[in-house]
Amino acid sequence: MPPVLEPRPPSLARQFYRRRAKVHHSQSRRIVRLTIVALFLLFGWSGWYLAKRGFGKEWRDRVSDELHKRGVEASIQRLTLDPVRGLIAQNVRIYDFKNRENTLAVISEVALDINYAALLHHKPFLNALDVHGAELTIPNPVVAPGAPKTQIKELRAHIYFPPEQIYVSQAEGMFCGIRISATGQLIKRNDYKPAEEISDEDLRERLLIVHRIADEVRRFSFPGDAPSLQVKFAGDLSQFETVHAEATLKGDRLQRGAYEIAGLSVVAEWANQTLHVNQCSWSDNAGNFSGRATWSRETQAAEFQGRSTLDAKRFLEAVGFPQLLADVTLNSPPLLELSGSANFAGDAPKISLIGRVAVEKFNYKTVPLLKLTADFSWDGERGMVRELRLRHESGELRGDLLDAPNDFRLTVESAVDPVVFRAFGAPERGRFLAEWEWTRAPSIRFALHGSGRDPETWTGDGTITTQRTRFRGTWMNEASAALRLEKGALHLDNLRVVRDEGAATGSIAYDFAHHEVRFKEIKSALRLTEAIVWVDPKYFKEVVPYKFRQPPSLVVNGVFHFRGVNDHIEIRIDAPAGMDYVFLGKTLPFDRVAGRLLFTDNRLQLIDVAGKLFNGEVRGAADISLARNDNRYRANLTLDGVDFPRLADLYFRYETKHGRLSGAYEWTSAGSDARAMQGAGTAKVTDGDIFAIPVFGPLSELLSAIIPGAGYSLARQAKSTFTIKDGIIHTDDFKVSGKLFGMIGHGDVHFLEDKLDFDIRIEAGGAGVVLTPMYKLFEYKGEGSISKPNWHPKRF
């Protein structure tokens with residue numbers, strides 16, 4: 001076993017140095033710790049400062065310059081440091097590359113991936129941009145107070161900057177309720193320059209378009225999942241024509257007002273400076289839409305086509321055009337097929353299209369229609385509608401239309417009840433058509449042409465035939481006419497109307513431009529009360545008193561105005577079979593009547609009226625007011641050789657076998673009020689039995705007592721002038737001349753109150769002249785009622 005060596009105690013010097021080394025080491029460690037703590041505090045304070053206060057302007061400008069080199073013109077309001085995410089740029093404004101006064105967007109926050117070594121060596125140091133939960137705001141040039149901002153919210157994006165490239169690995173956000181995602185790669189060379197300069201006005205207009213799109217999108221609501229828009233792109237920024245992009249828009253349910261879209265799908269592609277919408281489709285509760293379109297940026301030309309069976313009325317209401325189908329009620333979805341092209345290169349776009357429309361079971365205003373089909377085309381200047389078919393339960397209308405500069409043509413063949421067209425025309429024409437009633441729709445053929453759409457320039461011709469028809473409540477068995485349109489007036493030439501009692505022929509012009517109807521040589525064998533209603537119903541009551549025994553021969557000429565001014569209608573009447581007319585409560589039977597009726601504004605004149613009455617001649621005239629609340633009239637009547645016995649029997653109910661009546665009477669009155677009558681006239685009866693009149697009957701016995709047999713002798717003549725006023729007939733020169741006697745009288749006959757106040761003096765004639773002084777004593781007073789007068793001597 002080897003010997004154990006005991007350790008030697010250290011020397012004092014060694015112990016001293018060891019102790020000194022320990023103290024020095026302990027102090028070094030303490031300094032290192034203090035330094036680390038100080039550095040930690042310094043970095044912590046720096047981080048806190050940079051996170052709270054941010055970097056200065058110099059660092060912000062360096063980052064802005066770096067973004068400029070990457071093709072992004074921007075300014076940074078604040079640059080801070082996040083311990084986890086790194087360098088953070090806040091309130092980043094993106095500008096137009098050519099004009100920094102034009103702000104394109106504002107991003108609330110962007111994380112910067114920085115190569116710090118390159119930063120310190122003043123080399124390109126930006127590796128990527130990382131946006132998370134930020135908001136991108138697009139400025140509005142005309143923002144109104146309180147208007148919503150156009151933003152992409154919940155923005156997430158990671159953008160890499162490889163050498164001469166911009167690579168978007170993923171960008172997502174919410175734009176007005178639509179989820180947008182984009183990926184792509186753009187080449188951005190170091191010598192990049194924008195391909196074109198954008199003027200301030202063009203930029204402003206583009207921003208406004210973006211905001212208008214946003215406003216339209218905000219009008220939608222999304223009951224289901226949010227729609228999604230996916231965009232993929234690639235290209236060279238310096239060569240815009242090489243940029244290629246694809247976009248896909250999908251949406252399950254979209255609601256706008258009362259209109260709901262289902263299954264929206266839009267697939268578009270941008271390539272070779274041409275936009276291709278390869279698919280655009282959706283459906284609603286009625287049908288679906290599918291279409292596609294292309295647009296070239298170089299030529300500004302576009303082509304499109306589509307097919308729709310959508311609920312067109314609700315769709316137009318939803319997109320802001322409710323007036324287009326405001327008067328239409330659709331019971332089934334219309335079919336619309338459309339294709340065309342457009343060119344936007346000039347000041348005004350040039351559009352041409354061709355299509356077809358078909359609608360079944362719909363209402364236009366209050367008119368139910370069964371079907372409408374038509375082919376149409378338009379090239380911006382010329383429009384054409386071919387093979388138009390409009391079906392109504394009453395028949396079918398066919399037509400063709402050409403509308404070109406200085407050339408307007410329309411061809412129509414109709415077997416439709418014209419009442420249908422009330423809804424399509426002006427109110428005045430609608431009221432006119434409402435006055436017709438057809439048991440079977442008329443047959444109409446018409447062709448017109450003109451220099452434009454103004455109806456006053458149109459001319460045309462055609463025919464119309466109709467079977468049993470009622471106009472203003474009066475029936476006709478059939479009617480036919482040749483149609484002619486000229487200077488805004490529709491002429492019915494060679495018009496023929498047939499009724500049971502006869503026919504009418506002539507010409508009528510409906511001048512809607514001057515609001516009048518013109519009658520030319522309308523010759524009629526129809527009843528006056530029926531025919532006058534076709535002219536104007538307001539004249540009916542004026543002709544009712546003239547009761548013709550058979551329809552008279554009428555000739556009508558004149559003008560009638562829809563607005564009731566400047567009317568001038570003349571009706572010549574010839575009634576060989578005669579008529580009955582009520583005068584002073586009695587019906588006068590005229591054997592033959594001829595004359596003229598002239599209707600003017602609120603006035604009816606009867607001119608040159610002549611006829612036969614009780615084997616005598618009658619002539620007369622009248623001027624009658626037709627104004628509202630004014631029934632005054634003026635008239636005159638002349639009688640020659642009228643059978644006095646028949647007239648006396650009619651008005652006084654007494655019988656006599658002798659006498660002829662002649663006379664004249666001119667008066668004014670108001671309606672049928674006899675008390676309002678005022679007039680004057682003369683009357684003469686020859687070879688009549690005056691004492692057969694009841695009012696003079698009692699005088700016959702008195703006269704016979706004086707001159708036997710004189711009371712029953714015929715008077716050679718009885719005559720008088722008279723006036724009528726307030727229901728009183730007054731005369732001052734009543735005179736009867738007979739062979740044996742004479743009578744002179746004066747007084748009043750109250751024919752309305754059945755009273756008599758009359759004085760008679762009997763004079764001798766013939767052989768009794770020698771007794772004249774004695775006869776002067778025989779003066780009589782007539783009093784009491786007309787039917788039973790009380791005659792008594794005045795002097796005894």
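The values are calculated or read from the model by the stated rules, or taken from the named source; none is laboratory data. Model, not experiment: these values are computed from the prediction. Glycine also receives a Cβ, built like all others from the backbone with ideal geometry; neighbour counts cover every protein chain displayed. To get the accessible areas, we keep the full protein, side chains included, count just its heavy atoms, and leave off ligands, DNA and RNA. Shrake-Rupley method; radii C 1.70, N 1.55, O 1.52, S 1.80 Å.
Key figures
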{"item": "Potential lengthening between I213 and K612 on full extension [0.36 nm per residue; Cα-Cα distance subtracted]", "result": "134.8 nm"}
{"item": "Cα centroid of segment 598-621 to Cα centroid of segment 218-272, whole Å", "result": "86 Å"}
{"item": "Potential lengthening between R386 and K541 on full extension [0.36 nm per residue; Cα-Cα distance subtracted]", "result": "50.9 nm"}
{"item": "Cα gyration tensor shape of segment 272-362, rounded if a/c is under 1.5, else prolate or oblate by comparing a/b with b/c", "result": "prolate"}
{"item": "Karplus 3J(HN,Hα) series, Hz, for segment 589-598 with 6.51 cos²θ - 1.76 cosθ + 1.60 (x for Gly, Pro)", "result": "x, 7, 7, 8, 9, 9, x, 10, 10, 10"}
{"item": "Charge dipole magnitude, Cβ of K and R +1, D and E -1 - segment 411-474, Cα centre, debye nearest 20", "result": "280 debye"}
{"item": "Packing-based order for 157-167, 412-422, using average beta carbon neighbours within 10 Å, highest first", "result": "412-422, 157-167"}
{"item": "Spin-label model distance (nm) - W59 vs T682, 7 Å beyond Cα toward Cβ", "result": "13.3 nm"}
{"item": "Cβ-Cβ FRET estimate between Q323 and K487, R0 fixed at 30 Å, reported to 0.05", "result": "0.40"}
{"item": "Estimated inter-spin distance, V267 and Y160, nm [label 7 Å along Cα→Cβ]", "result": "2.9 nm"}
{"item": "Listed peptides 620-629, 676-685, 748-757, 308-317 by packing density, highest first (mean Cβ within 10 Å)", "result": "308-317, 676-685, 748-757, 620-629"}
{"item": "Solvent-accessible surface (1.4 angstrom probe) belonging to R292, in square angstrom, nearest 10", "result": "140 Å²"}
{"item": "Förster radius 45 Å - calculated FRET efficiency between K350 and A525, Cβ distance, rounded to 0.05", "result": "0.15"}
{"item": "Nearby aspartates and glutamates by direct alpha-carbon distance to K153 (threshold 20 angstrom, same-chain neighbours under 8 apart not counted)", "result": "E109, D130, E135, E172, D215, E216, D225"}
{"item": "Cα-based equivalent ellipsoid, segment 496-606: semi-axes from gyration tensor eigenvalues, Å", "result": "25, 17, 11"}
{"item": "Segment S181-A415, extension gain: residue separation times 0.36 nm, minus the distance between their alpha carbons", "result": "78.3 nm"}
{"item": "Equivalent ellipsoid semi-axes, segment 393-509, via Cα gyration tensor eigenvalues times 5, rooted, Å", "result": "26, 16, 13"}
{"item": "Sites A423 and N566 - FRET efficiency at Förster radius 22 Å, r taken between beta-carbons, to 0.05", "result": "0.15"}
{"item": "Cα gyration tensor shape for segment 481-560, rounded if a/c is under 1.5, else prolate or oblate", "result": "oblate"}
{"item": "Highest to lowest packing among 549-556, 123-130, scored as the average C-beta count within 10 Å", "result": "549-556, 123-130"}
